[in-house]
Amino acid sequence: MNRVVITGMGVYSTIGKNIEEVKNSLYTGRSGIGFDPERKEMGFRSALTGIIERPNLKGELKRRQRVGLAEEGEYAYIATIEALKQAKIDQDFLDKTDVGILYGNDSSAKSVVESYDLLKEKKDTTLLGSGAIFQSMNSTITMNLSTIFRLKGINLTVSAACASGSHAIGMGYYLIRSGLQDIIICGGGQEVNYHSMGSFDGLSAFSVRESEPEKACRPFDRDRDGLVPSGGAATLIIESYESAIKRGAPILAEVIGYGFSSNGDHISVPNIEGPAKSLEMALKDASIQASQIDYINAHATSTPVGDLNEAQAIDKIFGIAKPWVSSTKSMTGHEMWMGGASEVIYSMLMMQDSFVAPNINFENPDEHSAKLKIAAETIKNHNIDIFLSNSFGFGGTNSTLIVKKI
Amino acid sequence: MENQEIIAKVNDFLIDEFELEEEQLIPTANLKETLEIDSLDYVDLVVIIEKNFGFKVKGEDFANIKTLQDFYEYIIKHAKSN
């Protein structure tokens, strides 16, 4: 079986538009959360959201390449350019090699809503334009990036709610490990617009601490009152160790474990057994003990029940070892379809610079989070050889990735 | 709307929306081969014409529009009769 390594990373998020900016934000504990007045006008219960600027790709991409690209696709394009550059992969290489793409995405609502509004007005489908269909499908990121970069390997979108990005890496890991692919562009993208978030807001799952946006997302804190939706895109280039050596690519880390499970339970309320099973499977796959994990990037989104159950699942497996734990969502908000990929990158950045990013706004623990070693402040000079990243989603889908320094 | 005004308007959206260069816009230019307007671009042309000139192009009409001059004449004819 092939070893699977990470050779490139790129990110476009609410806490930075590239790896360097994001690393600085993680280190300093900068929040990317703000207040969107438009959501209030639209009757949202909470107008809190990650704040992100859409990139201007005019001049960067041809018109035909842009018209089908939805918002999350734009973020994914920027993140992928950065990741490919770090991995030393240019267009000439992509033209000559079978490189695949596996990207997590689970909605592209804005284009659907806008097309429907236009259709109601015009009563004529031929006036909807050519880009709407390509923007509106769940596979919008993979279909656009595979065309832009002329990719010839696996071409697939992974939709698994808030675990999409993590499963995309996990699936890529399996394909490379088994020798079916050598190099895959993996990642996750998430749109940031009110069109996609109204129905989620309606579940009353979002924080309403609108007077203090930067304090609203407080995973594991006793006074948390809900998640804050956010987004962007994150790309990792994963490839076989042999391919990376042969190309002279920078080997940043090795993916050594992937675990997954389904709760078989409630559609939106997580449980303890499912995530614990995913954690145990990842540890077994990596052939390591819980005590070897130096850092856990928790899924914790700042919802009362979700964090409570994850704290118990982590304590169940890591109660004795007690590695540092933080949820970077405290800064980024919940990057949903993107989060499983971006949080691997955030953890990679901590591993490279030997620090643990803070779980900001963690002021008072609850009964279960008190049992974890949560980094309320930046932990400096902390060596991370192996980290674990959890991602859970609606429907009870769970994904765990374990990555090791190389 | 005068013919020159219509032609100027067409050129404007070809430059702004389709990102063609002004010097490419010569009347004998073939839309598909020279200006590289592809099948999906025709879908957007229908939208843009409706927005700018208030009439709806029938998809099959494009079959007879080969050059930019044909395109100008088609728009002039329909814009004036609209």
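The values are calculated or read from the model by the stated rules, or taken from the named source; none is laboratory data. Every value quoted in this text rests on a predicted model; they were computed, and no experiment measured them. In this analysis, Cβ positions are derived from the backbone assuming ideal geometry, glycine residues included, and neighbour counts consider all displayed protein chains.
Selection over segment A:57-77 of residues that are over 22 Å from the mean Cα position of the chain (by Cα) and closer than 22 Å to A:N105 by Cβ gives a count of 8.
Go through the residues of segment B:64-71 one by one and say whether even a single one is within 27 Å of A:Q65 (Cβ to Cβ), aromatic (F, W, Y) and within 13 Å of another protein chain (Cβ to nearest Cβ). So far as segment B:64-71 goes, no, none of its residues is within 27 Å of A:Q65 (Cβ to Cβ), aromatic (F, W, Y) and within 13 Å of another protein chain (Cβ to nearest Cβ). Looking across segment B:62-77, the residues that are surrounded by 13 or more Cβ atoms within 10 Å (Cβ to Cβ) and part of a helix (DSSP H, G or I) come down to B:F62, B:L68, B:Q69, B:D70, B:F71, B:Y72, B:E73, B:Y74, B:I75, B:I76. Annotation note: of A:V344, A:V325, the sole residue that is outside any helix (DSSP H, G or I) and out of contact with any Asp or Glu (no Cβ under 7 Å at 6 or more places or on another chain) is A:V325.
Cβ separations smaller than 9 Å between residues 6+ apart or across chains give the following pairs from segment A:350-368 residues that are outside any loop (DSSP other than H, G, I, E, B) to residues that are charged (D, E, K, R) and crowded, with 23+ Cβ neighbours inside 10 Å: A:P365/A:D221.
Flag not set for A:L69, criterion: touching a residue at least 24 places away in the same chain (Cβ under 8 Å), farther than 20 Å from A:I245 by Cα, away from chain B (no Cβ under 14 Å) and among the hydrophobic types (A, V, I, L, M, F, W, C).
Only one of these is small (G, A, S) and surrounded by 21 or more Cβ atoms within 10 Å (Cβ to Cβ): A:G306, A:G248. Name it. Residue meeting the stated conditions: A:G306.
Taken together, A:E214, A:E210 contain a single residue that is over 19 Å from A:M137 (Cβ atoms), assigned to a loop (DSSP other than H, G, I, E, B) and touching a residue at least 40 places away in the same chain (Cβ under 8 Å), which is A:E210.
From A:T140, A:T126, grab the single residue that is hydroxyl-bearing (S, T, Y) and within 14 Å of chain B (Cβ to nearest Cβ). Only one candidate qualifies: A:T126. If the condition is being outside any helix (DSSP H, G or I) and within 14 Å of chain A (Cβ to nearest Cβ), then segment B:24-40 contributes B:K32, B:L35, B:E36, B:I37, B:D38.
Close contacts from segment A:13-41, counting a first residue that is among the acidic types (D, E) and a second that is part of a loop (DSSP other than H, G, I, E, B) and surrounded by fewer than 19 Cβ atoms within 10 Å (Cβ to Cβ), with Cβ to Cβ under 9 Å and a gap of 6+ residues or different chains, come to A:D36/A:I51. Within the option set B:K9, B:K80, being in contact (Cβ under 8 Å) with a residue 12 or more places away in the chain, loosely packed, with under 14 Cβ neighbours inside 10 Å and part of a helix (DSSP H, G or I) holds for one residue only, B:K80. Of the numbered criteria (1) away from chain B (no Cβ under 14 Å); (2) in contact with a Phe, Trp or Tyr (Cβ under 8 Å, 6 or more places away or on another chain); (3) more than 29 Å from A:M1 (Cα to Cα); (4) surrounded by fewer than 24 Cβ atoms within 10 Å (Cβ to Cβ), the one A:T157 fails is (3).
Of the residues making up segment B:1-23, those that are more than 14 Å from chain A (Cβ to nearest Cβ) and either within 12 Å of the chain's Cα centre (by Cα) or over 29 Å from A:D124 (Cβ atoms) (or both) are B:Q4, B:I6, B:I7, B:A8, B:K9, B:V10, B:N11, B:D12, B:E22, B:E23.
Does A:I288 fit the bill of being outside any helix (DSSP H, G or I) and surrounded by fewer than 24 Cβ atoms within 10 Å (Cβ to Cβ)? Judged against the criteria, A:I288 is a match.
Conditions tested, residue by residue: (1) free of Cβ contacts under 8 Å to residues at least 12 places away in the same chain; (2) over 28 Å from A:L175 (Cα atoms).
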{"site": "A:D95", "(1), (2)": "no, no"}
{"site": "A:I101", "(1), (2)": "no, no"}
{"site": "A:S108", "(1), (2)": "no, no"}
{"site": "A:S111", "(1), (2)": "no, yes"}
{"site": "A:S115", "(1), (2)": "no, yes"}
{"site": "A:L118", "(1), (2)": "yes, yes"}
{"site": "A:L128", "(1), (2)": "no, yes"}
{"site": "A:I141", "(1), (2)": "no, no"}
{"site": "A:T147", "(1), (2)": "no, no"}
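Residues that are part of a helix (DSSP H, G or I) and of a type outside the set (A, V, I, L, M, F, W, C) were ranked within segment A:328-341; the one that is surrounded by the most Cβ atoms within 10 Å (Cβ to Cβ) is A:G340. Residues in segment B:41-61 that are outside any loop (DSSP other than H, G, I, E, B), within 12 Å of chain A (Cβ to nearest Cβ) and crowded, with 16+ Cβ neighbours inside 10 Å: B:D41, B:Y42, B:V43, B:D44, B:L45, B:V46, B:V47, B:I48, B:I49, B:E50. Among the candidates A:L57, A:L94, the residue that is within 14 Å of chain B (Cβ to nearest Cβ), surrounded by fewer than 24 Cβ atoms within 10 Å (Cβ to Cβ), modelled with pLDDT of 95 or more and under 30 Å from B:D44 (Cβ atoms) is uniquely A:L57. Residues in segment A:69-87 that are touching a helix residue (DSSP H, G or I) at 6+ places or on another chain (Cβ under 7 Å), farther than 14 Å from A:T142 by Cβ and either of a type in the set (A, V, I, L, M) or surrounded by fewer than 24 Cβ atoms within 10 Å (Cβ to Cβ) (or both): 1 in all. For the condition in a helix (DSSP H, G or I), surrounded by fewer than 12 Cβ atoms within 10 Å (Cβ to Cβ) and not basic (K, R), B:Q4 qualifies.
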